[in-house]
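Okay, so here's the structure we're looking at.
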Amino acid sequence: MTIDVRPASVFEDVRKVIGPKSPVANVCWCLSYRIPSKDNNELRGPARGEYVAELCRADPAPGVLAYDGDEPVGWAAVAPRSATTFARNRKIPHVDDLPVWSLWCIRVRPGHRKQGITHALIAGAVEFARDLGAPVIEAYPLDNGDAKVDLTMAYAGLRKNFERAGFVHAADTTSVLAGHPRILMRLDLR
């Protein structure tokens, strides 16, 4: 299998990976860290998908998609930290004043897991951020050691996958997800 990672500019492909089975469902659509909490809570049902469709038409795209041929099989959210709620997050520190980008959500579709797609998504997100001038990219993965993580809550990624991609531990956080601490990891792109 050859995985190709591209900017997430085709809404229907994004919908296949992170959208709900029912268009009226109130699933995340990977908006939880992208928009203020109040807006996220008020955006309901189909309006969530419409919001993401607008993001897909914007430049830059809201993230990257992994494809197996023409089939979208994975998603990674990546954007300037200043354009996310991480800009004001008190649990995840700012390491310095650089205009860093954040990589905060990775999702691989069922039936396509355990095939290296997560690694391709991380690498693709790094290249996407680098191509758009990011000096540094951050992630906030779970520091779970060898402990199992519920797949629903593994969206933040796992420390070992980011280490494999060259990210280094830059700071501890006070954020906990699914009972595991999250850490701040960075990769210098300069």
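Read the figures in this text as sums done on the coordinates, not as results from a lab. Note that the structure is a prediction, hence the values are computed from the model and not measured. Note that each Cβ is placed from the backbone with ideal geometry, even for glycine, and that neighbours are counted across all protein chains shown.
Among 98-104, 174-180, 110-116, the peptide with the highest mean count of other Cβ atoms within 10 Å heads the list, and the full ranking is 98-104, 174-180, 110-116.
Amide hydrogen proximity for residue 105: with H placed 1.01 Å from N in the peptide plane, the residues at 5 or more positions away or on another chain lying under 5 Å are 77.
Stretching the chain fully between residue 87 and residue 41 yields a gain of 14.7 nm (0.36 nm per residue, less the alpha carbon separation).
Label-point separation (nm) for residue 130 and residue 94, each offset 7 Å from Cα along Cα-to-Cβ? Placing both labels 7 Å along Cα→Cβ, they lie 2.6 nm apart.
Shape call for region 25-81 from the C-alpha gyration tensor, a ≥ b ≥ c root eigenvalues: rounded (a/c under 1.5), prolate (a/b greater than b/c) or oblate? Because a/c hits 1.5 or more and a/b exceeds b/c, region 25-81 counts as prolate.
Normalised by residue count, region 1-42 yields a Cα convex hull volume of 100 Å³ per residue. Ellipticity at 222 nm from helices only: DSSP H runs of n ≥ 4 in the chain, each -39500 (n - 2.57), divided by the residue count, give -7000 deg cm²/dmol. Across the chain, Cα-Cα pairs more than 23 Å apart make up 38 percent of the total. If you run the Gaussian network model on the chain, springs between alpha carbon atoms under 10 Å, then out of 159, 107, 44 the most flexible one is 44. Normalised by the number of residues in the chain, the mean separation of alpha-carbon contacts (under 8 Å, six or more apart) gives a relative contact order of 20 percent. Take the alpha-carbon centre of region 1-41, take the same for region 102-172, and report the distance between them in whole Å. Here the answer is 17 Å between Cα centres.
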